[in-house]
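**Student:** Sharing a structure, written as structure tokens. Questions coming.
The values are calculated or read from the model by the stated rules, or taken from the named source; none is laboratory data. As the structure is a prediction and not an experimental result, all values here were calculated from the model. Cβ placement follows ideal geometry from the backbone for every residue including glycine, while neighbour counts extend to all protein chains displayed. Side chains included, ligands, DNA and RNA excluded: accessible areas come from the protein's heavy atoms. Shrake-Rupley method; radii C 1.70, N 1.55, O 1.52, S 1.80 Å.
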Amino acid sequence: MLFMHYYRTCLCILLLFLSACTITGGVPTPTSLGQPTAPVATPTANERAATTPEREPTGSPVRSTATPEVIQFRIGLQTEPGDLLPYHRHSEDQRLTGLVSEMLFPTPLLPLNSAYTTTGVLTRVPSFANGDVITRVVMVDANGVITPTEGMTLTNRPTPTTAIGLQPVATAPLTIAQQLVITYRWNPDLTWSDGEPVTAADSVFAYQLAQGISLGEAADRSLQLLADYEQVDTHTTRAYLKPDFTDPAYMETFWTPLPRHMLADIAVSQLMTSEFAALPTGYGPYMIDQRQSGQLRLIPNPYYPEPVSAESATGDHQPSFITIVFEPDIAQLYESFQQGGLDVLMLYDLLPADMRMLTADEAARQQVIAIPNPIWEHLDFQLDLPLLQQTIIRRAIAHGFNRRALVNDLFDGQVPVLHSWVLPYQWAAADSADLTRYPYDVQQARDMLDTAGIIDTDGDGIRESNGVSLTFDLLTTADSPLRAEIARRLQQDMLAIGIAITITPLPLSVFYSPEGPLLRRQFELAQFAWISGLDPRGREIWSCEAIPSETHGWTGSNVAGWCFLPAHQAIIEATTALEQPIRQLAYERHQQLFTQELPVLPLFQRMDLVLAQPGMFGLEPQALAPLSWNITAWSRSSVPALTPSPSKPLTPGPSPTRGEGSHLKGLIPHQKAENPLPAPLSQIGRGVGGEGRKGTKIAPERNLLIPGAWYNDN
């Protein structure tokens, strides 16, 4: 037993070095104003360890005692998580490791089909309509003490005046303010896989933990928003935002429960290195059976409210256990899949060579689903540079860059060329017909520059404007084949219209450093990516206050330096209004101004691929939800499936339909919000003067930027 204890302790330590993010190019996370950007180094450790957790259920499982047929699902993933907690370092970490954590800790509110839905963890989606979201009037004294004003609860739009990261200013001994309050109702039938009930106290316990140790970017942002989070009764919690604070993430101020009865005696500083982090006890449909190097085995949770059955009503088989295989080499994963060793394969960060390998066999019987993911690449113009302050030059670059050919070659044309910074699946995406678009047209680009008098006067093939050569340096990330190809194609295309591009690739640690050239705005052109979420947000990227400067401590993510008053006003309204129609109109207005001014040229979304054996059914891949979001609906047919048509080796992923929700088998059916997106509240441009379509974040490990996270892939 002493040896086993030592062995399991070593496992937990080793797992700390495992990374959940190994993607091409990296992505930083847009920071809240006033918050420093902390770059995240891409882990490269290969250590993995193994152990089998001992489970001694203390309650009465609801699972049948009948011996089912032993059916196994085997899933292949590229990235092995270091821990299996429901809290993630950043959104890209969550995207890559969520498949596993979703089976152990289903997300209370899941972004699905342009709306929040419940997974059964909450009994309903909070909203103004059902009374679980309200605004109330409070009194705030000079010391920040908040006192509710009885009888002055409001349900209409508040008047937000305070940006995130700032404190309300008291102009008198007492200040009247408005406060958002969100009530979360937890499913009373929810049970930990050791038989103990899940209660509101477990959610509050996670909130208390987050005050002593960082549980990741999302948790840290929630703490910035909250004045308090309390238990109302055994199965109800309530979140109180800071007075006059508004943010599109207000709906996500719940705290995913952690088992207080197991963790209460663990020192907060030791949580992430504890055995629990590597082998947690969850409340989802599956629980951990074994974990070893490069492999994880899950079995049905016998205490799950609606246990997983061995056979569905239609006679299709469901698994007695699920094995997840982690292997970074795509070729090895695909070979195992072809030989029948894997039932489902989830692939991301694909290169052209990977695409050719995966689609070469047109006679293959496999199901292949292509999903444009939330990561989108873009080209930023440095608007302090006199040449790039000329809108005509930025527009000529847009027309002269063949983004469609780039997408066709990189992703077999399976992802859209983008027109706007709001992605097509997001509820606020403007109709492309209402936007200024920039289709590839070399002659139009040349004509625009000629008309503006920007011509080649010395015969060297490069144009000049007022004697200054149109030669720009492109800053991007090193060691990224994808970024290298984008840079090469841009350089090639620009020569055709008389613009010279030099390329400067930098290591991720330098490119995304708070002292680096991107955030210090010491570049001419920059190419990287953002990760989008369900809500477009945008204040951290496009407002005037979001421009990094010495005055602001080099915080903010508006690295292009776009400060155009009408656009600034539009993004403020879009991120502080509560009513969905008002937000929609503000986002449309902002996108119209954005595409006219073009401070940033959107390029394309990246793509994920899901491969499944012919007999697998029930998979519904989504851009934002983990692949396992409906794992209890997966099944394997005893009858071989029909061979997919070889003329269509790639199948587009399910098209999100605004306002639609979905139902999960097990627990309480998914419920969508009364509005397509529960009206979010606050956040925070600079103007001067697309071909693509209609989100963002930065995760310094996948070369992206998210309205709160960069994407750094390596």
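**Student:** Could you check how much of the accessible area of segment 568-627 is carbon and sulfur, as a whole percent, using a 1.4 Å probe? Kindly include the intermediate steps, with their values, before the conclusion.
**Tutor:** On the way: 820 of 1480 Å².
For segment 568-627, the apolar C and S fraction of the accessible surface comes to 56 percent.
**Student:** Cα convex hull of segment 526-637: mean projected area in nm², to one decimal? Can you show the working numbers first?
**Tutor:** Details: hull surface 40.6 nm².
Projected over every direction and averaged, the Cα hull of segment 526-637 covers 10.2 nm².
**Student:** Continuing with this model, one more query. Any idea what log10 I(q)/I(0) is at q = 0.11, 0.16 Å⁻¹ for segment 429-562, Debye with uniform C-alpha scatterers and no solvent?
**Tutor:** -0.55, -1.08
**Student:** Taking the radius of gyration and the Kirkwood hydrodynamic radius from Cα positions alone, what is the Rg/Rh ratio for segment 276-435, to two decimal places?
**Tutor:** On the Cα set of segment 276-435, Rg over Rh gives 1.10.
**Student:** Report, in whole Å, the centroid distance computed from the Cα atoms of segment 335-400 and segment 179-194.
**Tutor:** For segment 335-400 versus segment 179-194, the Cα centre distance is 38 Å.
**Student:** State the percentage of accessible surface on segment 376-517 attributable to carbon and sulfur atoms; use a 1.4 Å probe and exclude ligands, DNA and RNA.
**Tutor:** Details: 2560 of 5200 Å².
Carbon and sulfur: 49 percent of the exposed surface of segment 376-517.
**Student:** So how do 449-461, 204-216, 109-121 stack up, highest first, on mean other-Cβ count within 10 Å?
**Tutor:** Working: 449-461: 13.1, 204-216: 17.8, 109-121: 25.4.
Packing order, densest peptide first, comes out as 109-121, 204-216, 449-461.
**Student:** For LEU495, LEU506, give me the order by solvent-accessible area with a 1.4 Å probe, most accessible first, ignoring ligands, DNA and RNA. All intermediate terms of the calculation are to be shown ahead of the outcome.
**Tutor:** On the way: LEU495 105, LEU506 35 Å².
From most accessible down to least: LEU495, LEU506.
**Student:** Right, here's the next one. Using only the C-alpha atoms of segment 397-460, find the volume of their convex hull and express it per residue in Å³. Can you show the working numbers first?
**Tutor:** On the way: hull volume 7.6 nm³, N = 64.
Residue-normalised Cα hull volume stands at 119 Å³.
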